[in-house]
Amino acid sequence: MIKIILLTLLLFPVTGWSGGIPCSGKKAGISHCEGSQFVCNDGSVSKSTKDCSSYLNGTPQPVKSDSTIPIVKSEPVVQYKTEITRSENILKLDYPGFTVWLDCTQRGPVKFQYVAQHDTGDFKRYDKFFLDPNVPAECQQKTANAYGHGYDRGHQVPANHLDSSEAAIKATNTMTNILPQAANMNRGAWLLTEEIIECYRDIDALLVVGGVIWGNNPADDYFVESHGVKTPDAYWKVVIRGTGQDERAIAWIVPNTQEVTRKNIDRYLVSIDEIERITGEKIPVADYAKHDKPSTSWMIPQGCNKG
């Protein structure tokens, strides 16, 4: 009889541990959870197969750890639809607020157009570049990664001119609107053309048309393997304001080199006739305005808010 009682007492703790409270006995109770595991007050980890947070009334317990787990905030998803019209190898892509013509053989935009209207918006520039899921992969660049070699991911249509629409400003970061631009050029003369538009759009609505001159210089085609796109030799841009007899226009052909800075912008002024001759494009401006080439670029008005 005594043997039976002793055997029962020896077995009881074992039975109680297998189905009882985690961290019981000498472990002095539950301290906290480490994920699904129980951490006991004596510092040990319980062998219990129960889920710690679920076991403790379904309430997750604080995790004691030397590291801080960052809280990742999800970004709001800005949706827009790309309207695509195809004519042989050219895709016309209608984004919110602007249009880009994409050459599938070049994997890059060859022309863009938009209307820069009075600045009434303040949406911030999107901080990521991305491929357009609506465009066939063989017609656009292979990746949205940075170019390197001293070249920026250069916008054809700038984000700041479309800051009244969150969808439009995001769409400008699509790689179908991006090409390699020499950093000094992109942040120099090309940026100055954008600032001129930014200022004058508060005076008149402006029609802006521009595009690419690919050229035939293979020496700077660094990104054919990585991105599938050549480096253009130059970019062109036309800005048209007014209508009828009051219509005025200004045009530039900007070389895509590091030597192209703000102070040299007037070197790149051309007539619209010249752009039509070089590119084969028909620019929608009155004939009388096509022959003029101003001696200087439009001056930025004093007090203009370029932001």
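Check Asp202, Asp233, Asp273, Asp266 and return the single one that is in contact (Cβ under 8 Å) with a residue 12 or more places away in the chain, more than 21 Å from Met299 (Cα to Cα) and over 25 Å from the mean Cα position of the chain (by Cα). Spell out the reasoning first.
Numbers: Asp202 fails: more than 21 Å from Met299 (Cα to Cα); Asp233 fails: over 25 Å from the mean Cα position of the chain (by Cα); Asp266 fails: more than 21 Å from Met299 (Cα to Cα).
Exactly one residue qualifies, and that residue is Asp273.
Among residues belonging to the stretch 222-241 that are closer than 28 Å to Ile272 by Cα and of a type in the set (D, E, K, R), point out the one that is modelled with the lowest pLDDT.
Taking the candidates together, the pick is Arg241.
Out of the stretch 280-307, which residues are within 19 Å of Gln156 (Cα to Cα) and crowded, with 17+ Cβ neighbours inside 10 Å?
Answer for the stretch 280-307, where residues must be within 19 Å of Gln156 (Cα to Cα) and crowded, with 17+ Cβ neighbours inside 10 Å: Glu281, Ile283.
Out of curiosity, is Val63 part of a strand (DSSP E or B) and either modelled with pLDDT of 95 or more or not assigned by TED's automatic domain parsing to the domain that holds Ser164 (or both)? So that I can check it myself, show each step before the final result.
Numbers: part of a strand (DSSP E or B): no; either modelled with pLDDT of 95 or more or not assigned by TED's automatic domain parsing to the domain that holds Ser164 (or both): yes.
No; evaluated as a whole, the condition is false for this residue.
Could you please let me know if Asp152 is among the charged types (D, E, K, R), touching a residue at least 40 places away in the same chain (Cβ under 8 Å), under 28 Å from Ile84 (Cβ atoms) and touching a helix residue (DSSP H, G or I) at 6+ places or on another chain (Cβ under 6 Å)?
No.
Does the stretch 257-269 include one or more residues that are farther than 29 Å from Asp122 by Cβ and outside the structural domain of Leu207 (by TED's automatic domain parsing)?
Scanning the stretch 257-269 turns up no residue that is farther than 29 Å from Asp122 by Cβ and outside the structural domain of Leu207 (by TED's automatic domain parsing).
Going residue by residue through the stretch 116-123, is there one that turns out to be in a helix (DSSP H, G or I), among the hydroxyl-bearing types (Ser, Thr, Tyr) and more than 17 Å from Tyr222 (Cβ to Cβ)? Even if it seems obvious, please write down each step before you answer.
If we filter the stretch 116-123 for residues that are in a helix (DSSP H, G or I), which is where we start, we get none.
The answer is no, given that none of the residues of the stretch 116-123 is in a helix (DSSP H, G or I), among the hydroxyl-bearing types (Ser, Thr, Tyr) and more than 17 Å from Tyr222 (Cβ to Cβ).
For the stretch 193-249, name all the residues that are of a type in the set (Ser, Thr, Tyr) and surrounded by fewer than 16 Cβ atoms within 10 Å (Cβ to Cβ).
The answer is Ser226, Thr243.
Take Thr143 and decide whether it is among the β-branched types (Val, Ile, Thr), in a loop (DSSP other than H, G, I, E, B) and at pLDDT 95 or above. Lay out the reasoning, then the answer.
Working: among the β-branched types (Val, Ile, Thr): yes; in a loop (DSSP other than H, G, I, E, B): yes; at pLDDT 95 or above: yes.
Criteria met by Thr143.
Would you check if Ile253 is under 21 Å from Ala189 (Cα atoms) and surrounded by fewer than 20 Cβ atoms within 10 Å (Cβ to Cβ)?
Criteria met by Ile253.
The values are calculated or read from the model by the stated rules, or taken from the named source; none is laboratory data. Remember, predicted model here, so these are calculated numbers, not experimental data. Quick reminder, even Gly has a Cβ in these numbers, built from the backbone with ideal geometry, and neighbours come from all protein chains shown.
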